[in-house]
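Note sheet for the following structure.
The values are calculated or read from the model by the stated rules, or taken from the named source; none is laboratory data. Since the model is a prediction, treat every value here as computed from it, not as a measurement. Here the Cβ positions follow ideal geometry from the backbone for every residue, glycine too, while neighbour counts run over all protein chains shown.
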Amino acid sequence: MTDPATVPQTVGPAPNAPVPKTPKNIPHRGGPANASAARIKEKFPSAFVRADVVWGETTVFVRPDAVFDVIQYLHDDPNEQYAYLSDVTCVEYRDLEQPLEVVWHLRSITWRAFIRIKAQLTKGARLSVKSVWPIYKGADWLERECYDMFGVEFEGHPDLRRILMWEQYKEGFPLRKDFPLRGRFSRAEQLRQALAANPEARYSMEELQIADAFEDLPSDMRKRLLGGEETGE
Amino acid sequence: MATKRTVDVALSTTGLDSQGRPQRVPLVTDESGNVTTMEAPPALEPELEGEHMLINLGPQHPATHGVLRLVLELDGETVVRCIPHVGYLHCGFEKIGEYRQYNQIIPWTDREDYLNSPGNNVAFALGAERLFGIECTERCKVLRVIAMEMSRIMSHLVWLGTTCIDIGAFTPFLWSFQERENIYNLLEGWCGARLTTSLTRVGGMIADVPDGWVEGLKGFLQTFPKTIAEVDRMVTRNGIWVGRTIGIGAMSATEALNYGLSGPMARASGVAYDVRKDFPYLDYETYDFDVPVGTTGDVYDRFLVRMEELRQSVRILEQAVARLPDGPVNIDDPRIILPSKTKATTEMESMIHHFKVVMEGPRPPIGESYVAVESPKGEKGYYMVSDGTSKPVRWRIRPPSFVNLSAIPKMVEGHLLSDVIAINASIDIVMGEIDR
Amino acid sequence: MGLVARPDHRVVSYAPESQEGWVTSRLDFLVNWARAGSLWPMPFGTACCAIEFMATAASRFDLSRFGMERMSFSPRQADVLICAGRVPFKLAPVIRRIWQQMPQPKWCISMGACASSGGMFDNYAVVQGIDTIIPVDVYVPGCPPRPEGLLYGIMMLQKKVMNERMSDQAIRSEMEPDPSSKLYIPPPVIDELSEPFGNSVHQTRSGL
């Protein structure tokens, strides 16, 4: 618990950050790119694939194995200072030829900048990329959601398990394009599986072991928590 | 002579722990039944002098602001560890967005953050218009600012009412919901719905405001500050309130930024980040308003920040009402927005455009856009990817409450159980947005 | 049958109103009046309908005049479960558990389109109507229903309560689904049985 008396600080835009204005007359493609894109190309020539400017937003495509280093640079370098991770998500296109993209939205509060980093993963192979949780703690749940919805595994994530669906969800990864809107199973089967998923037993064993109280629970409760319980009063 | 006799009391547990050691103390009695000697219980490990208790808060609970489940490991009343579980309201919004045209997605934006429906509608319309490469009219811009600020007031009123009721003050709940009724009347006059408004369309709004609506809004702006003042008088310097909120759940500025907090949560911690000021939209840089920034980031600071935001929203609304220009509310492009009924029923071109917009939906060029607005909860963004068809390839909602809530294990450690409720209330979560 | 009644259950048909005893009918009236006038709601509020429920409980559309201001968040002390909002599959066992924990007499109001039928969420995640999980007495349509709509639903429930009879034990019995029943037919068999016409067991219909 942080002691509030010792850490009052204010973080805000730098005095020479660009003056904010509502963007108008933005071209579809082209237009001024975010300066960070050029600096990434300079510092990581092998990792940089290309940079696009679409509707005024700069997107930098980076090779999947180098994304962590690029984002680390963007976080640490004093000219970049992208201290705020806005979002981590994935995009799968309807066109089957296109790879699955993992997208990071980064903002720099100090310099009032926004950049989008994309990594393309080939479908069919194992979808995995390094987690940015060591850099931004906010990536925790965002990456868990990407795993839950798309099946992308983030290496180095402390606790990668499903977050929006229940942990034993068997139908698949909902936001993939081959997953039908209404799910793979019939409604009756979905209901049956949902009711069988015992809400109290939905713990991961790591949580209980770390809690150290598992050994002291009565044996019937332990059995229940390991998934043996039948519901009903 | 004393005979040893073990009294077997019938308990529901087996009486043996995991190592097979007996957990019950056998009583030793002599023939007349007097206790003579007792066997000492087996020695416990020193750090387990009190067992930690695992309790479950939710998902059905009056104070979790929706279906949130917190698993708390307690040492007495102090929280040692907190494991939040979300997903109990996951309804597949993003999946459905891939099967709906852009205008058809607008009712879904109402329902995800249901306290901020007009704000979500505006945010989505801004994102879709960026994707289309169009800009709305001047009147539409000011009307959208009015909608956003009204919805900010609506959302903060619910936060105020429910936070007060969680911490124990019941009356501000009734006052804030009575004020919400006034806003509901205005919204109902504009679009027909109280809560789930579907106010915007790509390229404009559902309709222009009716006659006399602006006077109604002005009347609301006269009476509302009195309610804020009354709540302020009752709560802000109240000993119980201050005692329950000062120093609770504090986050420093660097921590807040690292956890991705935004909105009043971040500003209370000292991060001077407001999307309206830093990445403006709808000409917000031309409005004169302040953004409150706190210092310690505890529950009390968040409360003060949100109360001040209510006053600043009133200020913005007064300016918007004063500068509302005349003119059309929808853009003039019938390929994107529905033409007026007169034209659609008399001109062939307009009728065809009407048909196409309704049946097929307007199609943006290939591209993607991410537009973020300052919702009452934080940075709310819609990331849309288009492949040239009338339905988006990907519709991503950047949920501020989701990221804000992920910091709760950090904020709650070391506090008491009743502080968990206060901290949870101060984050201002909406499960519809968290779980989508 | 696929449903099993408890062994102590007897279905008794009650006499028509003209032949009912005077004492039992007065007793019925008293008991029903007491129940209908103080239905303590268990607000199972999930989404937007919960906000309209809160607005119904607030000062303008006061629920207190119906005796319902005492929101019972513990199911053990509740009379009527008001499911306000959409119920995803992850929440289904929770609402079922809460319904089982409520003691008799209990009723259920399904508030809103999503609780009644899945609403606008016809997808992989949402239960298509809570009546697939718990027995519902009154359905209140709307998205979200206006507070007046909810009050109309509550008044309908009160009328239903007033028309109950103590001698009718069927209304208070709880029937659990029998796991050994013949009603469960596995999907491949259903497909075969419905061969010429197809069937809606598979939800992936038109490409949507």
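May I ask you to list the residues in segment B:395-420 that are buried (at least 24 other Cβ atoms within 10 Å of the Cβ) and more than 30 Å from B:Tyr99 (Cα to Cα)?
B:Ala407, B:Met411, B:Val412
Determine whether A:Arg112 is closer than 30 Å to B:Thr254 by Cα, touching a helix residue (DSSP H, G or I) at 6+ places or on another chain (Cβ under 8 Å) and of a type in the set (Lys, Arg).
On the way: closer than 30 Å to B:Thr254 by Cα: yes; touching a helix residue (DSSP H, G or I) at 6+ places or on another chain (Cβ under 8 Å): yes; of a type in the set (Lys, Arg): yes.
For A:Arg112, the condition - closer than 30 Å to B:Thr254 by Cα, touching a helix residue (DSSP H, G or I) at 6+ places or on another chain (Cβ under 8 Å) and of a type in the set (Lys, Arg) - is met.
Suppose we filter segment B:126-138 for residues that are under 20 Å from B:Pro325 (Cα atoms) and either in a helix (DSSP H, G or I) or touching a helix residue (DSSP H, G or I) at 6+ places or on another chain (Cβ under 7 Å) (or both); how many remain?
Quick first cut of segment B:126-138, residues under 20 Å from B:Pro325 (Cα atoms) only: B:126, B:134-138.
This time we only want the ones that are either in a helix (DSSP H, G or I) or touching a helix residue (DSSP H, G or I) at 6+ places or on another chain (Cβ under 7 Å) (or both), so: B:126, B:135-136, B:138.
The number of residues fulfilling the criteria is 4.
Matching residues to (1) touching a helix residue (DSSP H, G or I) at 6+ places or on another chain (Cβ under 9 Å); (2) farther than 30 Å from A:Ala194 by Cα; (3) modelled with pLDDT under 50:
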{"site": "B:Met53", "(1), (2), (3)": "no, no, no"}
{"site": "B:Gly66", "(1), (2), (3)": "yes, no, no"}
{"site": "B:Asp75", "(1), (2), (3)": "no, yes, no"}
{"site": "B:Val80", "(1), (2), (3)": "yes, yes, no"}
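How many residues are closer than 18 Å to C:Ile134 by Cβ and outside any loop (DSSP other than H, G, I, E, B) when one looks only at segment C:23-76?
Count: 10.
Which one of these does B:Arg335 not meet: (1) closer than 22 Å to B:Arg237 by Cα; (2) surrounded by fewer than 19 Cβ atoms within 10 Å (Cβ to Cβ); (3) touching a Lys or Arg at 6+ places or on another chain (Cβ under 8 Å); (4) not hydroxyl-bearing (Ser, Thr, Tyr)?
(1)
Which of the residues spanning segment C:108-128 are within 14 Å of C:Cys83 (Cβ to Cβ) and part of a loop (DSSP other than H, G, I, E, B)?
Matches in segment C:108-128: C:Gly112, C:Gly118, C:Gly119, C:Val127, C:Gln128.
Could you check segment B:86-114 and list, in sequence order, the residues that are more than 7 Å from every other protein chain (Cβ to nearest Cβ) and outside any helix (DSSP H, G or I)?
Result: B:Glu98, B:Arg100, B:Gln101, B:Asp113.
Considering every residue within segment B:406-425, establish whether at least one is touching an Asp or Glu at 6+ places or on another chain (Cβ under 6 Å) and over 18 Å from B:Val242 (Cα atoms).
Within segment B:406-425, one or more residues are touching an Asp or Glu at 6+ places or on another chain (Cβ under 6 Å) and over 18 Å from B:Val242 (Cα atoms).
Quick one: is B:Asp278 out of contact with any Asp or Glu (no Cβ under 7 Å at 6 or more places or on another chain) and either more than 7 Å from chain A (Cβ to nearest Cβ) or modelled with pLDDT of 95 or more (or both)?
On the way: out of contact with any Asp or Glu (no Cβ under 7 Å at 6 or more places or on another chain): yes; either more than 7 Å from chain A (Cβ to nearest Cβ) or modelled with pLDDT of 95 or more (or both): no.
So B:Asp278 does not fit the description; no.
Condition first: of a type in the set (A, V, I, L, M), more than 15 Å from B:Val145 (Cα to Cα) and more than 11 Å from chain A (Cβ to nearest Cβ). Now tell me which residues in segment B:367-384 satisfy that. Show your work before the answer.
Going residue by residue through segment B:367-384, those that are of a type in the set (A, V, I, L, M) are B:371-373, B:384.
Still in the list and also more than 15 Å from B:Val145 (Cα to Cα): B:371, B:384.
Answer for segment B:367-384, where residues must be of a type in the set (A, V, I, L, M), more than 15 Å from B:Val145 (Cα to Cα) and more than 11 Å from chain A (Cβ to nearest Cβ): there is none.
Do we find that A:Pro78 is in a loop (DSSP other than H, G, I, E, B), within 11 Å of chain B (Cβ to nearest Cβ) and not basic (Lys, Arg) in this structure? Reasoning before the result, please.
Values: in a loop (DSSP other than H, G, I, E, B): yes; within 11 Å of chain B (Cβ to nearest Cβ): no; not basic (Lys, Arg): yes.
No; evaluated as a whole, the condition is false for this residue.
Looking at A:Ala37, is it in a helix (DSSP H, G or I) and more than 13 Å from every other protein chain (Cβ to nearest Cβ)?
Numbers: in a helix (DSSP H, G or I): yes; more than 13 Å from every other protein chain (Cβ to nearest Cβ): yes.
So A:Ala37 fits the description; yes.
Give B:Ser269, B:Ser313, B:Ser252 a once-over and let me know the one that is hydroxyl-bearing (Ser, Thr, Tyr), under 22 Å from the mean Cα position of the chain (by Cα) and within 20 Å of B:Ser155 (Cα to Cα).
Values: B:Ser269 fails: within 20 Å of B:Ser155 (Cα to Cα); B:Ser252 fails: within 20 Å of B:Ser155 (Cα to Cα).
Sole residue among the options that is hydroxyl-bearing (Ser, Thr, Tyr), under 22 Å from the mean Cα position of the chain (by Cα) and within 20 Å of B:Ser155 (Cα to Cα): B:Ser313.
Considering segment A:86-131 alone, what residues qualify as being in a loop (DSSP other than H, G, I, E, B), over 20 Å from B:Arg394 (Cα atoms) and within 11 Å of chain B (Cβ to nearest Cβ)?
A:Ile109, A:Thr110, A:Trp111, A:Arg112, listed by residue number.
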